[in-house]
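Take a look at the structure below.
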Amino acid sequence: MKTTAAVLAAQGNEFDLKEVTIAEPAPDEVLMQISGVGLCHTDLAVRDGHLPFPLPGVLGHEGSGTVVAVRSNVTKVAIGDRIAASFNSCGQCTQCQAQHPAYCVEFMERNFGGARSDGTSALEGDGQQLGGNFFGQSTFARHAMARERNVVKIPESVPLELAGPLGCGVQTGAGAVMKSLNVQPGASLLITGGGSVGLSGVLGAVARGVKTIIVSDPIAQRREFALELGATHAIDPLGTPLSEQVREILPEGVEYVLDTTAMETVVEEIIDVMAQRGHLGMVGVPTNAEAALSVNLLQKQSRGLTFSGIVEGDSDPDTFIPELIELYEQGKFPFDKLVTTMPFGQINQAIEAQASGEAVKVVLVHE
Ligand SMILES: NC(=O)c1ccc[n+]([C@@H]2O[C@H](COP(=O)([O-])OP(=O)(O)OC[C@H]3O[C@@H](n4cnc5c(N)ncnc54)[C@H](O)[C@@H]3O)[C@@H](O)[C@H]2O)c1
Ligand SMILES: [Zn+2]
Ligand SMILES: [Zn+2]
């Protein structure tokens, strides 16, 4: 069938709304009509050439909507169901079997390979195959193809068009705090970068009852918003050194840190201000693929420090998204506060709004 998609022709380009063809679902696939799709920094990492993906192609990886077609082997969802799509995984490897699908051994090819496992793409435009299956979905479009394994049902309590970010940015920030770092109530947490991932981390920390929640961001609007969401302190990293500001609040240093900036200079300052036995989680995608960390081994050993790379907050979407929705229903996880909606056709303006800090998480909605 024909549908409309925001096609990225080449690195550095703007997105162009174009008519494309989307195939019939394969046996395990789910064709969805999109209601809304969030804009995540990872889409821009592809546009800017920091993450390889075959172009021309269709990005978009926080989509939600309604099932419009499935084949008979799909049993998890049926036509008419309200769903959100998340990342794809194989379901077979050791990590998938242990409910850690974000660390699937096939994560890269199944989410950023641009095609199904057999090399075909569900999308075609201007007579050529388009890079598709981005994050197992390519949802910058009116219709998109996901698979049974990477969709989750969304109850009536959640506005359908807002549910997409649960599948990436929101579960990443919240999961990093609640699952990967497993920050305990009463502990102290520093979050560097108060964008959509960092602020989802704040929501997760507030839901957990974390005692001290410090957010560092150079944008004043984001610091104010962090405090509104329940952070206990918000600091500007561009004035006094970060470590000095944190030690003023916590003289022994901070127990947990979630870094969303992936900036070497920021991570160096963080290591300086970690408490004994501190744990640092890193979710950011560095803009420089060669970015590296030089760590003093004696310091790391003697201070008992732990550093963890984090994918998708170690979420198993089938269990963690319903957990977040339950907290949302109880009023303990108001992730919708992070969202600004804009019409799908304004995708390029939406990128500007998010980059300037005016919006934290834009969700592009179809009328
Ligand atoms: N690991 C994963 O699974 C995963 C999932 C989603 C997103 N990501 C990545 O996480 C990162 C954050 O995503 P986002 O959507 O929140 O991005 P964002 O751009 O909305 O947020 C980044 C924030 O960092 C702030 N910042 C800039 N310089 C800073 C500094 N020196 N100190 C403190 N803060 C600073 C910015 O002002 C901004 O608010 C991106 O790299 C994204 O690609 C990773
Ligand atoms: Zn994302
Ligand atoms: Zn796997």
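Take Asp43, Asp314 and sort them by solvent-accessible surface of the protein heavy atoms, 1.4 Å probe, largest at the top.
So the residues, ranked largest to smallest area, are Asp314, Asp43.
Between Met1 and Val68, 0.36 nm times their residue separation minus their Cα-Cα distance comes to what?
22.9 nm
For the pair Glu228 and Glu252, how long in nm is the line joining their label points, each one 7 Å along Cα→Cβ?
Computed distance between label sites Glu228 and Glu252 equals 3.5 nm.
Please compute the alpha carbon radius of gyration of the chain, then divide it by the globular-protein estimate 2.2 N^0.38 Å. Two decimals is fine.
Rg over 2.2 N^0.38 Å, computed on Cα atoms: 0.97.
Find the eigenvalues of the gyration tensor of the Cα atoms of region 203-258, then list the square roots of 5 times those eigenvalues as equivalent ellipsoid semi-axes, largest first, in whole angstrom.
In descending order, the three semi-axes are 18, 16, 8 Å.
State the Kirkwood hydrodynamic radius of region 17-81 in Å, one decimal place, computed from all pairs of distinct Cα atoms.
Across region 17-81, the inverse of the average 1/r is 13.8 Å.
State the antiparallel share, in %, of DSSP beta bridges confined to the chain, rounding to the nearest 5.
Counting DSSP beta bridges with both partners in the chain, the antiparallel share is about 55 percent.
Using per-residue counts of other Cβ atoms within 10 Å, averaged over each peptide, order 283-290, 256-263 from highest down.
256-263, 283-290
Could you give the alpha-carbon Rg of region 249-306 over 2.2 N^0.38 Å, rounded to two decimals?
Ratio of Rg to 2.2 N^0.38 Å for region 249-306: 1.12.
When DSSP assigns beta bridges and you keep just the ones with both residues in region 174-255, what percent turn out antiparallel, to the nearest 5?
Once the DSSP bridges in region 174-255 are tallied, antiparallel ones form about 0 percent.
Compute the distance in nm between two label points, each set 7 Å from the Cα along the Cα-to-Cβ direction, one at Glu244 and one at Glu367.
Computed distance between label sites Glu244 and Glu367 equals 5.4 nm.
How big is the Cα convex hull of region 194-299 in projection, averaged over all directions, in nm²?
Computing the convex hull of the Cα atoms and averaging its projections yields 6.9 nm².
Report the FRET efficiency, 1/(1 + (r/R0)^6), for Thr94 and Asn182, where r is their Cβ-Cβ distance and R0 is 25 Å, rounded to 0.05.
Approximately 0.75, to the nearest 0.05.
Under 18 Å between alpha carbons: how many lysine pairs meet that in the chain, if sequence neighbours fewer than 8 apart on the same chain are excluded?
6
Just check region 296-353 against the gyration tensor rule for me: Cα atoms, a ≥ b ≥ c as the square roots of the eigenvalues, rounded for a/c under 1.5, and otherwise prolate or oblate depending on whether a/b exceeds b/c.
It is oblate, given that a/c is not under 1.5 and a/b is not larger than b/c.
What are the semi-axes of the equivalent ellipsoid of region 5-163, taken as the square roots of 5 times the eigenvalues of the Cα gyration tensor, listed largest first and rounded to whole Å?
Square roots of five times the eigenvalues give 22, 18, 16 Å.
I want to check the label-to-label distance for Gln11 and Glu109. Put each point 7 Å from Cα in the C-beta direction and report it in nm to one decimal.
Each label point is offset 7 Å from its Cα along the Cβ direction, giving 2.3 nm.
Translational diffusion coefficient, Stokes-Einstein: compute it for region 97-138 using the Kirkwood radius over C-alpha pairs as Rh, at 20 °C and 1.002 mPa s, and state it as an integer in µm² s⁻¹.
Answer, rounded: 195 µm²/s.
Over region 69-228, what is the percentage of antiparallel beta bridges among all DSSP beta bridges, to the nearest 5?
Percent antiparallel among DSSP bridges in region 69-228 is about 50.
Using θ = phi - 60° and the Karplus curve 6.51 cos²θ - 1.76 cosθ + 1.60, what whole-Hz ³J(HN,Hα) does each residue of region 202-215 get, with Gly and Pro shown as x?
Rounded to whole hertz, the list is 4, 4, x, 5, 5, 4, 7, x, 5, 6, 10, 10, 9, 10.
More than 22 Å apart: what percent of Cα pairs in region 100-204 qualify?
It works out to 46 percent of all Cα pairs.
When the accessible area of the chain is split by element with a 1.4 Å probe, what percent falls to carbon and sulfur?
48 percent
Give me the base-10 log of I(q)/I(0) for region 64-144 at each q in 0.23 Å⁻¹, Debye formula, one uniform scatterer per Cα, rounded to two decimals.
Debye output, listed in q order: -1.22.
Would you mind checking the radius of gyration and Dmax of region 242-347 based on alpha-carbon positions, in Å?
17.7, 54
The values are calculated or read from the model by the stated rules, or taken from the named source; none is laboratory data. All of these numbers come straight from a predicted model, not from anything done at the bench. Ideal geometry is used to build each Cβ from the backbone, glycine not excepted, and the neighbour counts take in all protein chains shown. Ligands, DNA and RNA are stripped out before the accessible areas are found, and what is left, the full protein with its side chains, is counted by its heavy atoms. Shrake-Rupley method; radii C 1.70, N 1.55, O 1.52, S 1.80 Å.
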